[in-house]
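Structure record follows, encoded as structure tokens.
FYI, it's all coordinate maths here, none of it is from the lab. In this text, all values refer to a predicted model and were calculated from it rather than measured experimentally.
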């Protein structure tokens, strides 16, 4: 074969390789675009106020989930706790079941379109919530509700609402526990909260293994007699991440404590973009946000 013939063959092979690479890239880009659309649609179906789900980077694949808060200032609203945990869960589950997501940025904007929260979470195959086997509960929702009610130590608190629903995240067969309790005032609530929270955290810690439930999310709201929310607490049981808002003066010995510390110190709500992972633990009197993807979930809380 002549040198010219060899050159033509190499040229054609080069074109074929380039076309194949372009084809693969196009498929991957389309898949990523579809993923962003799918996760936004799933969150909206769960009532989450999504502004957008956008691709930050193609390789490695990173997205931003932007949420709309009803807040008019630099603080998150009470409802944001629940919405933010649902967004985190959708992104985490997407990594487990399909798209190989390297990281996701979660941002929240207030009613004035001002950024009031931003954090970035990196996902790794060795993360605890990536290792957990997806399964189904062995007891139905009604039985799970009866089990939780029987184990709660309400004390002087009134049980206003307790429901067990199916988790809306794709690929999850889990149950979502929603509890609303109330007391006459802050003092009365503080008197019952230690035993109540202890019993609730115990359920979240051992209930699935001991009773056959499969609670993966818990949303607790504590109010006073006037309807003011004293504590709004959301926990992803599988990953161990928590998000909460509480009023000053509320019993707070349940707050996560840094190693070697004798005082409870909740993680603050960041008001500026944060890229470090995991986020450093800092103090704040009213809000908390703690993610622990690389560590085993701590049941307290």
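What is the extension gain from residue 150 to residue 52, computed as 0.36 nm multiplied by their sequence separation minus the C-alpha to C-alpha distance, in nm to one decimal?
The span from residue 150 to residue 52 would gain 31.1 nm if fully extended.
How many percent of Cα pairs in region 154-226 exceed 21 Å?
32 percent
Given the Cα-Cα distance of residue 190 and residue 248 and 0.36 nm per residue of separation, how much length would full extension add, in nm?
Here the segment from residue 190 to residue 248 would lengthen by 19.7 nm.
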